[in-house]
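The values are calculated or read from the model by the stated rules, or taken from the named source; none is laboratory data. Please read these numbers as outputs of a predicted model, since none were measured by experiment. Cβ placement follows ideal geometry from the backbone for every residue including glycine, while neighbour counts extend to all protein chains displayed.
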Amino acid sequence: MKAVVDTGDDAPVSHLIDRRGRCRLAFEPVADLARGVVTGYEAVERFPAAMRPEVWRAEALRRGLEPDLDLFVLSSVLQARESLPGDSFLSFNIRSQTLLHAPVRKLLMSSGRLDNLVVELTPRTPAGDEDALADVIGALRGLGATIALDNVGAGYASLRHIAAMRPEFVKVDPAFVRGVDRDDAKLALLEAIGQIASQLDAWIVALGVETIEELDALVRLRVPLAQGPLVGVHAKTLTRVGFPLAAYVRERGIGATRAGALLELLERPDPLDDGADPEAISAALRDAGDLHHVVLVDARRRPVALQESAAFRRGEPPTDDLLIVTPAAKPNELARRAMLRPLSTRFDPIVCCDVRGRYLGIVRIERLVTALAA
């Protein structure tokens, strides 16, 4: 390996970037800890056993070829989506600076809808580029992509980046997960990150889960997503990736969710497409009866607005100030969050979604308060 790095010859790195090269993808499953199923996959670049990825990355960076290597990996990821199992997502990691590289940006923007793609950002972008990065993130979201912030708690992945990027997924660094079952400080830190993420309607992903004890601790904390050796090893194809502890996690995850009692409060009125005409909205509100609200969703069934009947009669548009939670949310924490909303939306129903952000139903504030009082 040392001989390859020190030769000064660009051929070895360039060959890996070329489609005839030996850089390939492997796929690591991401598990839903409430339902006990694989809900997504992370694509990871892999080289032959003797070639460590970090060595080739460093060499590509030294030669100014890292953006080209990223472009090759991104092309492979976009092709892999064709084999993606239904109802799941595919994520990949990319440095924020590389996302600003014109060919990388052009490839993403010219690949059609990106509804099942999660772009994991490693934020190492100079302050002067933050506006440009925000523009690219906005364009990606416009195409349906979801944004994740990788390795939160380590290096550059700070609270400032969470606030600036507003990611849909917050991936917690393995150092916070390792031994979380026997470290009260890590438990408290993970819970704090979870509370911050929930305020921004983001989902936590715990990285590097290795032991049953760590997994149990994450389920007790109601961490929604996890990946690591215990969840599933890397596989060469998407179709062969499984979740060996599915039944074990499902039993504990469902129990943790029921402990929160949120599912018992859930009502499931049918949503409307966000492009519905006034006649359709009026009919839906009549059918809603004493719910007095109708949820508007996008093409991916993700809630985008809430129309209240009295406001509709006054000619006011739907509100996009939604409080969105998963079924694993704790009712007491949920009530506190609801009461922190502006007065105009404080008593609007809470919208419940799965970990992909898809609509499940609503929870009325009066039912939530009644349950807490009981």
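In the stretch 284-298, what residues are small (G, A, S) and touching a strand residue (DSSP E or B) at 6+ places or on another chain (Cβ under 8 Å)?
If the condition is that a residue be small (G, A, S) and touching a strand residue (DSSP E or B) at 6+ places or on another chain (Cβ under 8 Å), then A284, A288 are the ones that fit.
For the stretch 328-368, name all the residues that are free of Cβ contacts under 8 Å to residues at least 24 places away in the same chain and of a type outside the set (D, E).
R336, M339, L340, R341, P342, L343, R346, F347
Among the numbered criteria (1) on the phi > 0 side of the Ramachandran plot; (2) touching a Lys or Arg at 6+ places or on another chain (Cβ under 8 Å), which single criterion is violated by G315?
Every condition holds for G315 apart from (2).
Are there any pairs, at least 6 apart or on different chains, whose C-beta atoms fall under 7 Å, with the first in the stretch 84-95 and over 12 Å from L74 (Cα atoms) and the second of a type in the set (S, T, N, Q) and part of a loop (DSSP other than H, G, I, E, B), and if so, which?
Short answer, once both residue conditions are applied: L84/N116; F89/N116.
How many residues does the stretch 323-343 contain that are part of a loop (DSSP other than H, G, I, E, B) and buried (at least 20 other Cβ atoms within 10 Å of the Cβ)?
Counting residues in the stretch 323-343 that are part of a loop (DSSP other than H, G, I, E, B) and buried (at least 20 other Cβ atoms within 10 Å of the Cβ) gives 5.
Going residue by residue through the stretch 102-115, is there one that turns out to be closer than 21 Å to T237 by Cα, of a type outside the set (G, A, S), in the same structural domain as T237 (by TED's automatic domain parsing) and touching a residue at least 40 places away in the same chain (Cβ under 8 Å)?
Among the residues of the stretch 102-115, at least one is closer than 21 Å to T237 by Cα, of a type outside the set (G, A, S), in the same structural domain as T237 (by TED's automatic domain parsing) and touching a residue at least 40 places away in the same chain (Cβ under 8 Å), which makes the answer yes.
In this structure, does V355 turn out to be surrounded by 14 or more Cβ atoms within 10 Å (Cβ to Cβ) and modelled with pLDDT of 90 or more?
No.
State which residue is modelled with the lowest pLDDT when the search covers only the stretch 291-307 and only residues that are over 18 Å from S344 (Cβ atoms) and not in a strand (DSSP E or B).
Filtering the stretch 291-307 for residues that are over 18 Å from S344 (Cβ atoms) and not in a strand (DSSP E or B), the one modelled with the lowest pLDDT comes out as R300.
Kindly check whether there is at least one residue in the stretch 261-277 that is closer than 29 Å to Y41 by Cβ, in a helix (DSSP H, G or I) and modelled with pLDDT under 90.
Yes - at least one qualifying residue is present in the stretch 261-277.
State all residues of the stretch 30-89 that are acidic (D, E), exposed (fewer than 15 other Cβ atoms within 10 Å of the Cβ) and either under 27 Å from V209 (Cβ atoms) or modelled with pLDDT under 85 (or both); if no residue qualifies, say none.
Those that are acidic (D, E), exposed (fewer than 15 other Cβ atoms within 10 Å of the Cβ) and either under 27 Å from V209 (Cβ atoms) or modelled with pLDDT under 85 (or both): E54, D87.
Here is a yes/no grid of residues against (1) assigned by TED's automatic domain parsing to the domain that holds A145; (2) among the aliphatic types (A, V, I, L, M); (3) under 28 Å from the mean Cα position of the chain (by Cα):
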| residue | (1), (2), (3) |
| --- | --- |
| P271 | no, no, yes |
| D274 | no, no, yes |
| R286 | no, no, no |
| L291 | no, yes, no |
| E308 | no, no, no |
| R313 | no, no, no |
| L323 | no, yes, yes |
| R336 | no, no, yes |
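Would you check which residues across the stretch 330-374 are touching a Ser or Thr at 6+ places or on another chain (Cβ under 9 Å), over 23 Å from A311 (Cα atoms) and small (G, A, S) and list them?
G357
Residue-wise test of (1) of a type in the set (K, R); (2) under 21 Å from G142 (Cβ atoms).
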{"residue": "W56", "(1), (2)": "no, no"}
{"residue": "R62", "(1), (2)": "yes, no"}
{"residue": "L69", "(1), (2)": "no, no"}
{"residue": "F72", "(1), (2)": "no, no"}
{"residue": "V77", "(1), (2)": "no, yes"}
{"residue": "S83", "(1), (2)": "no, no"}
{"residue": "S88", "(1), (2)": "no, no"}
{"residue": "F92", "(1), (2)": "no, yes"}
{"residue": "R95", "(1), (2)": "yes, no"}
